[in-house]
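Have a look at the structure below before the remarks.
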Amino acid sequence: MKRVLFVFIFAAFFAAGTVFADHPSGFGIGVQGGAGGYWIGGFGGNAALSLKFPGVPLFWAVRLDIGHGGFGLGISGDQYLIDSILIPGLGLHWYLGVGAGLNLKLGDPLSFGVSARLPVGLSWQPVPFLEVYMQIVPSLGVTILPSFHFPDGGWGGDLGVRIWLKPKSERL
């Protein structure tokens with residue numbers, strides 16, 4: 001068992017050497033749509049603005065959640081631990097990350113929660129400035145309002161497109 005764990009850790013560190021290999025170093029902005037389910041029941045959709053700032057290793061999403069009994073606002077930040085080529089000639093990559101999210105549901109009752117995220121996805125860049133991606137994101141969290149509840153969470157899936165703008169130093 002220790003050998004299997006060692007091999008897994010070694011492979012993860014080896015693959016982590018390709019962190020951000022897929023993504024340009026500039027500013028990324030895009031839109032995504034998604035849906036998900038909650039462990040306590042319910043299903044909803046969302047629309048989000050996707051952002052990636054130069055020099056910051058986090059991929060941000062600012063969401064408007066639309067679900068049963070109201071709508072909500074959310075923000076999440078994910079760091080990719082593995083971002084590796086899957087099919088080189090096609091420009092298809094896969095990624096695995098960790099992140100966190102804050103969610104505020106505006107409805108009756110008002111609710112607020114915090115979660116840990118584990119995004120796993122595919123990314124395709126047909127041209128250097130355009131990225132199309134899809135991801136599955138299981139989450140585990142805690143609801144703080146209207147009352148404390150742990151565990152909370154569920155799963156989500158997103159489909160998005162992002163445009164990459166090169167830094168000024170790379171345009172010269």
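Taken residue by residue, segment 41-48 has at least one member that is surrounded by fewer than 20 Cβ atoms within 10 Å (Cβ to Cβ) and under 26 Å from Phe129 (Cβ atoms). Quickly run through segment 109-152 and pick out the residues that are farther than 18 Å from Ile75 by Cβ and of a type in the set (S, T, N, Q). Correct list: Ser123, Gln125, Ser147.
Return the residue satisfying two criteria in turn: it lies in segment 58-84 and is more than 13 Å from the chain's Cα centre (by Cα), under 12 Å from Ala47 (Cα atoms) and not hydrophobic (A, V, I, L, M, F, W, C), and of such residues it is surrounded by the most Cβ atoms within 10 Å (Cβ to Cβ). Restricting to residues being more than 13 Å from the chain's Cα centre (by Cα), under 12 Å from Ala47 (Cα atoms) and not hydrophobic (A, V, I, L, M, F, W, C), the top hit is Asp65. Among residues of segment 24-47 that are closer than 11 Å to Gly153 by Cα and in contact (Cβ under 8 Å) with a residue 60 or more places away in the chain, those with a beta-carbon under 6 Å from a residue that is of a type outside the set (Asp, Glu) and surrounded by 15 or more Cβ atoms within 10 Å (Cβ to Cβ) at least six positions away or on a different chain give the pairs Gly36/Gly154; Gly36/Gly156; Gly37/Gly154; Tyr38/Gly154; Trp39/Gly153; Trp39/Gly154. A single member of Pro138, Pro128, Pro88, Pro146 is closer than 19 Å to Lys52 by Cβ and not polar (S, T, N, Q), and it is Pro128.
Being of a type outside the set (Gly, Ala, Ser), within 20 Å of Leu51 (Cβ to Cβ), at pLDDT below 95 and assigned to a strand (DSSP E or B): is that true of Asp83 here?
The answer is yes for Asp83.
Among the residues of segment 108-122, the ones that are surrounded by fewer than 21 Cβ atoms within 10 Å (Cβ to Cβ) and touching a Phe, Trp or Tyr at 6+ places or on another chain (Cβ under 7 Å) come to 1 in all.
Based on this model, can you work out whether Ile82 counts as under 23 Å from Glu131 (Cα atoms) and in contact with a helix residue (DSSP H, G or I) (Cβ under 8 Å, 6 or more places away or on another chain)? When the stated conditions are applied, Ile82 passes them.
The values are calculated or read from the model by the stated rules, or taken from the named source; none is laboratory data. Just so it is clear, the structure is predicted and the values come from calculations on it, not from any experiment. Glycine also receives a Cβ, built like all others from the backbone with ideal geometry; neighbour counts cover every protein chain displayed.
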